[in-house]
Amino acid sequence: MAIFSAILNFLWGIIATPVSMKLSRTFRLMDVPGGRKKHLAVTPRGAGIVLWTGYLLWALVNPNPGVEVPYVASGATLVFLVGYMDDMHPLPPLKRLTVHILAAAWITLQLEAPLYQKLMLMLWIAGCTSAYNFVDGMDGLALSLAFVTSYLAYRGGNPYTWMPFCGLIAGVLIWNFPHARTFLGDGGATLLGYVCSSHLAWDISPRFFNMGPLPMALILLLVGGVPVIDTLAAMIRRMACGKSPFRPDRGHAHHILLDRKLAAWQVLSLLVLAHASFVGAGYYTLHVYVKSGP
């Protein structure tokens, strides 16, 4: 059933994405180059709606998607719609962050965990939601990182949840790399971060039983991978320079590597490998800690 759902979601991504591109052109939801944006052509930002509708359709049609899926689907809808609004008319960062925290709280309220763990997971989910948007600065990067997260989580978690999401991501990725014919937009990038982190929190939170805040923070940092580590580094660097931590710039890892004249496929390969290493290390650390006991 998981493989069949993955194939259907893959086909949805392939077929629905060009339709979304036409809709983006019709409603002028386009990404114009200039400033920090180095792409050469005006590009539609419609891939996010394909991810959102694909996930919702899978959640509605699947007879047994998982007890957490209705909560993730409803929170993801809130995150996507706010991001989509931001694509059309930019919203203040604080308003978007507030929505991300509320959507994250919606997930953590359902978990059976101590209050401090719920708060840590809430902040982590909200951070991942924003972090995937921050790293969505080159063709294929956010989708590739989300695919790696989903694949590794599938290897150590629930295949009926993760495999269909892998299929959906792969179907959209075909239109986003190596040459992006459409972009995710804020709605699509934040949805990726929210769905990945919410399902991860649901999968691994039972193994945090009796775990203290420091080892839990280390595991969450590693499992968050490149988006979380890169975003934290960028925010610390901005604050050290006396700037707002939310002020966009070209200081993310992919910007630095691209500005050093590495080819796009080389940058993507390096960051995907780094992300897989971080996430794998996070799962390994969690396994060792649970096996050895506190």
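None of the figures in this text is laboratory data; all of them are computed from the coordinates on show. Everything numeric in this text was worked out from a predicted model, so none of it was measured. Don't worry about glycine lacking a Cβ; one is built from the backbone with ideal geometry, like all the others, and counts go over all protein chains shown.
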* Run through all the Cα pairs of the range 160-243 and give the fraction in each 10 Å bin from 0, expressed as whole percent. => 13, 34, 34, 16, 2
* Asked: Percent of alpha carbon pairs in the range 2-209 separated by more than 29 Å?
  -> 19
* Structure fact -> Counting sequence-distant residues (5 or more places) and residues on other chains, those with an amide H built under 5 Å from that of D31 are T43, R45
* Asked: What ranking of K291, K118 emerges when the number of other C-beta atoms within 10 Å of each C-beta is taken as an exposure proxy, fewest first?
  -> K291, K118
* To do: Would you mind ranking V19, V272, V148 by Cβ crowding within 10 Å, fewest neighbours first?
  => V19, V272, V148
* With a length cut of 24 Å (Cα positions projected on each helix's long axis) and a Kyte-Doolittle mean of at least 0.0, go through the chain and give me the DSSP H helices that pass. => 2-26, 69-88, 115-134, 185-204, 213-240, 264-292
* Structure fact -> Using eta = 1.567 mPa s and T = 4 °C, Stokes-Einstein with Kirkwood Rh from Cα pairs puts D for the range 1-109, in µm² s⁻¹, at 82
* Mind running the shape call on the range 239-279? Use the C-alpha gyration tensor, a ≥ b ≥ c as the square roots of the eigenvalues: rounded below 1.5 for a/c, prolate if a/b tops b/c, oblate otherwise. => oblate
